[in-house]
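Written below as structure tokens is the structure these notes are about.
The values are calculated or read from the model by the stated rules, or taken from the named source; none is laboratory data. Predicted, not measured: the structure shown is a model, and the values here were computed from it. Please note: Cβ atoms are built from the backbone with ideal geometry, for glycine as well, and neighbour counts cover all protein chains shown.
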Amino acid sequence: MPSTRHSSTSAHEVPASLDGFDVLDLCHRHTLFALGKLAALVARLKDSRGSDPVARVLAAEIVLFFSTTAREHHEDEERHVFPSLLSGADPAIAQAVLRLQQDHHWLHIDWMELSPQLEAVAAGQTGYDIAALAEGAQVFIALSHDHIALEESCIYPQARARLRAGDRREMGREMSARRRARLAARRAGGTAQP
């Protein structure tokens, strides 16, 4: 069955030559696409199709993305974007960063509640609760959209302005190297998809 991925570039593979903010922006595009898949999956499951082959593929792709790429993205922000903004002189920006850090925590908690149900769908099991899955997905999707909007409208422009182009490229190289190392480790352990 063909994959429902929208790009020939895997969300796990990051070109080392990119500005770090280009990498973060690209991940936001992938995240929005994955959130759309999550909404489509919930709608499909509500239509009583159950865990059919299409639903299983969608669920597996969603689990893979939010268990790996999205986590790495939050780590990237915590390492490269937030520290300088927290130590800056603008209290409104620092408050926005604190909110985003809290969002990361809530997104993690929300994901921990969603992922077992999505894993059950991916495995073709029927033990998931569609009402709980739908409600959890709705909360997760809404928080993710709000989170991305705040980052792109406020935080990323502020952080970009504080970093020189060479520093942003170094940020991209570091993120790329870390992703390559994790992907190699997952593949060596037999847990990554090709």
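Things to note:
- For region 121-141, a residue qualifies if it is more than 22 Å from the chain's Cα centre (by Cα) and among the aliphatic types (A, V, I, L, M), and the qualifying residues are Ile130, Ala131.
- Subset of region 126-138 (residues that are touching a residue at least 60 places away in the same chain (Cβ under 8 Å) and loosely packed, with under 13 Cβ neighbours inside 10 Å): Thr126
- Single match in Gln158, Gln138 (criterion: closer than 20 Å to Leu64 by Cα and out of contact with any Phe, Trp or Tyr (no Cβ under 8 Å at 6 or more places or on another chain)): Gln138
- Filter result for Leu100 (farther than 15 Å from Thr31 by Cα and surrounded by 14 or more Cβ atoms within 10 Å (Cβ to Cβ)): yes
- Given (1) modelled with pLDDT under 95; (2) farther than 27 Å from Gln102 by Cα, number of the condition Gly172 does not satisfy: (2)
- Residue under evaluation Ala188, criteria (1) within 22 Å of Ala60 (Cβ to Cβ); (2) of a type outside the set (S, T, N, Q); (3) surrounded by 12 or more Cβ atoms within 10 Å (Cβ to Cβ), criterion not met: (3)
- Out of Leu41, Leu24, Leu18, one residue alone is modelled with pLDDT of 90 or more and closer than 24 Å to Glu174 by Cβ. It is Leu24.
Residues are listed down the side, and each one gets a yes or a no for (1) small (Gly, Ala, Ser); (2) part of a loop (DSSP other than H, G, I, E, B); (3) more than 21 Å from Arg29 (Cβ to Cβ); (4) free of Cβ contacts under 8 Å to residues at least 12 places away in the same chain:
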site	(1), (2), (3), (4)
Phe140	no, no, no, no
Leu150	no, no, no, no
Tyr156	no, no, no, no
Gly166	yes, no, yes, yes
Gly172	yes, no, no, no
Arg178	no, no, no, no
Arg182	no, no, no, no
Arg187	no, no, yes, yes
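- Filter pass, Asp146 being under 18 Å from the mean Cα position of the chain (by Cα) and among the acidic types (Asp, Glu): yes
- Between Gln95, Gln117, Gln101, the distinction of being assigned to a helix (DSSP H, G or I) and closer than 14 Å to Leu38 by Cα belongs to Gln117 only.
- Per the listing Ser48, Ser87, the residue uniquely among the hydroxyl-bearing types (Ser, Thr, Tyr), surrounded by fewer than 18 Cβ atoms within 10 Å (Cβ to Cβ) and under 29 Å from Glu170 (Cα atoms) is Ser87.
- In region 103-125, the residue that is surrounded by the most Cβ atoms within 10 Å (Cβ to Cβ) out of those that are more than 23 Å from Ala149 (Cα to Cα) and of a type in the set (Asp, Glu) is Glu119.
- Residue pairs whose Cβ atoms lie under 9 Å apart, separated by 6 or more positions or on different chains, with the first residue in region 92-111 and free of Cβ contacts under 8 Å to residues at least 12 places away in the same chain and within 15 Å of Ser153 (Cα to Cα) and the second assigned to a helix (DSSP H, G or I) and aliphatic (A, V, I, L, M), are Ala94/Leu85; Ala94/Leu86.
- Scanning region 121-130 for residues that are at pLDDT below 95 and assigned to a helix (DSSP H, G or I) yields one hit, Ile130.
- Residue in region 23-31 that is buried (at least 19 other Cβ atoms within 10 Å of the Cβ) and either over 22 Å from Ala142 (Cα atoms) or free of Cβ contacts under 8 Å to residues at least 24 places away in the same chain (or both) present: yes
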